[in-house]
Amino acid sequence: MKIIHVSAECYPIAKVGGLADVVGALPKYQNRIGNYATVIMPYYDTAYVEKAMTTIDFCYNLVVDQKTYFAEILSVDDPSLGYPLFLVRIADLTDRKEVYGYEDDPLRFVAFQRVALQWILQKNDLPNVVHCHDHHTGLIPFMMSHCEDFSALKDIPTVLSIHNAQYQGQFSHEMGGILPRFRESDLGLLDWGGMINPLAAAIKCAWRVNTVSPSYMEELMQKANGLEWLLNHESAKCVGILNGIDAETWNPATDTYLHKNYNIRTRQSGRKANKTALCDEFGLDASKPLFGFIGRLVWEKGSDILPAIIDQALQEYDVNVIVLGSGATEVESQLANLAIKYKGSYNAYIGYQERMSHQVYAGVDFLLMPSRVEPCGLNQMYALRYGCMPIVRSTGGLKDTVIDLGEEGGFGICHNDTSVGDVVYSIGRAVTHFKDQKKFKEIQKTMMQIEHSWEKSAQMYVSLYNKLKKEVK
Ligand code: ADP
C-alpha cells in the first residue's frame, strides 16, 4: 500500500502540538507492517530543516492570482525518521520561523496543498491513498475530486484525520482566487456558513473521515464548532481511531533528555532521580507530591482556570506544582505572577521546550489535564508510559484512555467538569493515594505496562485504506 501523508506539522521537523507527534510516528509504524508511507509537509525555517541533508526532487512555478511563486520540493535524507520525507519550499510563503499565525496563512496552506498535488501528479507511481491531516490540508480532497488540474488524481481515495475541529481554517469567498479552477456549481462543497471552510470541505469530499479517538467522534456529532450537522450528515463515512504513541521516542529507558533512564523494574530510583533534578531546577521540594501541567495555554485545555486551581490547591494541600506551557498572554502572566507568591511550592516555564516536557513526565507524580476539549490527548499516554498518574477530565480521548482508580483496573483520577472545584477535589484524592506509597508504586507499574504504541492503530488505518482500495472503480 502506497500512502502519502500530507500535513502542516511533523515531529521532529516542526511541532506545535500533538498533530506533529502523530504524523511523525504513524508512517513509520505503517512502513514496519509492509507499506510504503511517505510524508510531505511545508518547508519552515526550523532548527531541524536548517541542518537537514536535502536534494531537489521537483520544481514548480505556482501561479496564484496572477502572481508566480517559485516552489521546490526537497527530499530529506534521514533514515532515522522511518519514512521518506519531502519538504515543500515556496519562496516567501512557507520558509518562515513559525508554523502558523501569519495573516496570509490561507494563502500559505493553499499554495502548499497545490504544490503537493502537482508533485503527486508528476509521479510515475501514484499513491493508493492520500491521507490529509486537519484543515491545513483539507482542500486536497476537493481539489483531487473537483479541480480540472488534478483530474488524473480523482480516483485516488482520500482520508481526512480530524485532530482538532476547533480550528477550521475559514477564509472569505473573496479570496477564492487562490484556489485552482473549479466549476462554479461545485462552490457549495467549499462553503460552510458563508465562508470557504477547508475542514468542512474535507468532511464533504474525503472518502473517509476519522477523529483521533472514538469518544471525540461521538462528541463532535453533538458539538463541533458549527460542523455537527455536517458530521451527522456524513456519519456513514466517519470513524474514530485512537492515536498511539511513538514508543521509541517516548521510552524512559532510552530517552536522552532524562537525567536518569529507568524501566518498570528500576522506576522507583529512576523517577526519584528525575524528580529531584526537576525540583532542583525549579526550586521545589522533592519530598512533596508533585503535580504538573504541560500544554498550550488555551481555553480547550482549561488553562484559564489553571491559576485558580494552583492557588486553591496550594492553600489546601502541602503539594508542589510545576507548569510548562505557552499561549494566552493573560494566562501566561497570571501563571508567572503566581510563581512569586508561591516561591518554593510552585514554578512555571512559560514557553515551549521539548526537552523539559520529557523531564516533567519523568519527574512529576501527577499530570493535570483539565481539558474542556481533548480530541485524543497524547500527554496522558506519555505520562502513563513514564509512570506518572494522569488526572483528567473525562472527555474525548481522555475518556478512552484513563480509568479512574475507583473502578476495577483503575490507574488514574477522572473528574467530570473543567472546574476549579473538580480539579482541586481530584488533587485531594491524589494526595490521599500518594500517602500509601506501596500501593502507589504498584499502580505506577500498572500504568507503565499499558500498551499505547502505534502498532494497533497503524494497522487500523491500513485496514481502512484497504477497504477504500476496493471501492476504486
Ligand atoms: P494538542 O495537540 O492539542 O496540543 P496533545 O496532547 O495531542 O495536544 O499533544 C501535545 C504535545 O505537545 C505533547 O507532545 C506535549 O508534550 C507537547 N507540548 C505541549 N506544550 C508544550 C510545551 N510548552 N513544551 C514542550 N512540549 C509541549
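Throughout, read-outs are computed from the coordinates displayed, never taken from laboratory work. None of the values given here were measured: they were computed from a predicted structure. All Cβ positions, glycine included, derive from the backbone under ideal geometry; neighbour counts span all protein chains shown.
Hey, can you rank 117-130, 360-373 by average C-beta count inside 10 Å, highest first? Write down the numbers at each step before the final one.
Values: 117-130: 16.6, 360-373: 25.1.
For the peptides 117-130, 360-373, the packing ranking is 360-373, 117-130.
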task = For an R0 of 60 angstrom, estimate the FRET efficiency from the Cβ-Cβ distance between residue 466 and residue 425 and round to the nearest 0.05.
result = 0.80
message = Under the 0.36 nm per residue contour assumption, what length would be gained going from the current alpha-carbon distance of residue 318 and residue 77 to full extension?
response = 81.7 nm
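So, with +1 on the Cβ of K and R and -1 on the Cβ of D and E, and no other charges, what is the size of the charge dipole of the chain about its Cα centre, to the nearest 20 debye? Display every interim value, and only then the final one.
Working: 46 positive and 55 negative charges, 277 e Å.
In debye, rounded to 20, the chain gives about 1320.
So what's the projected area for the chain, the Cα convex hull averaged over all directions, in nm²? Don't skip to the answer; put the middle values down first.
Details: hull surface 87.5 nm².
For the chain, averaging the hull's shadow over all directions gives 21.9 nm².
Using the per-residue mean of other Cβ atoms lying within 10 Å as a proxy for protection, in what order, highest first, do the peptides 83-93, 219-229 fall?
Values: 83-93: 20.6, 219-229: 16.5.
Answer by packing, highest mean first, reads 83-93, 219-229.
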task = Arrange the following residues from fewest to most other Cβ atoms within 10 Å of their Cβ: 44, 29.
result = 44, 29
ask   = Once the piece of chain linking residue 50 and residue 417 is laid out straight, how much longer is it, given 0.36 nm per residue of separation minus the C-alpha distance between them?
value = 127.8 nm
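What does the net charge come to around residue 395 if you take all other residues with beta carbon closer than 15 Å to its beta carbon, with K and R at +1 and D and E at -1? Could you put the intermediate results ahead of the total?
Values: positive: 223, 301, 372, 393, 399; negative: 218, 219, 300, 374, 400, 404, 417, 422.
After counting each charged neighbour, the total is -3.
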query = Suppose every K and R has +1 on its Cβ and every D and E has -1 on its Cβ; what is the size of the dipole of region 66-148 about the Cα centre, in Debye to the nearest 20?
reply = 140
note = Of region 431-445, those with amide N under 14 Å from the point 7 Å along the Cα→Cβ vector of residue 268 are 436-445
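Using the 2.2 N^0.38 Å rule of thumb for compact globular proteins, work out how region 20-130 stacks up: its C-alpha Rg over that value, please.
Details: Rg = 14.2 Å, N = 111, 2.2 N^0.38 = 13.2 Å.
Computed over Cα atoms of region 20-130, the ratio equals 1.08.
I need the peptides 306-318, 56-68 ranked by packing, meaning the mean over residues of other C-beta atoms within 10 angstrom, with the highest value on top. Please report the intermediate quantities before stating the final value.
Details: 306-318: 18.6, 56-68: 13.0.
Ranking, from highest mean packing down: 306-318, 56-68.
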query = Sorted from fewest to most neighbouring beta carbons within 10 Å, what does the list 40, 305 look like?
reply = 305, 40
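So what is the 222 nm mean residue ellipticity for the chain from helices alone, if each DSSP H run of at least 4 adds -39500 (n - 2.57) and you divide by all residues, rounding to the nearest 500 deg cm²/dmol?
Working: 17 runs with 180 residues, N = 473.
When only DSSP H runs of four or more count, the value is -11500 deg cm²/dmol.
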Size of charge dipole - region 267-451 - debye, nearest 20, with Cβ of Lys, Arg +1 and Asp, Glu -1, no other charges = 600
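Regarding region 267-451, what is the average projected area of its C-alpha convex hull, in nm²? Don't jump to the answer; show the numbers that get you there.
Values: hull surface 36.3 nm².
Projected area, direction-averaged: 9.1 nm².
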request  = Any chance you could run the full-extension gain for residue 446 through residue 232? It's 0.36 nm times the residue separation minus the Cα-Cα distance, nm to one decimal.
outcome  = 73.3 nm
query = Dipole of the chain (Lys/Arg Cβ +1, Asp/Glu Cβ -1, origin at the Cα centre): which of 213, 33, 158 lies farthest to the positive side?
reply = 33
ask   = So which trypsin sites (Lys or Arg not before Pro) in region 259-328 are both in a DSSP loop and have at most 14 other Cβ atoms within 10 Å of their Cβ?
value = 265
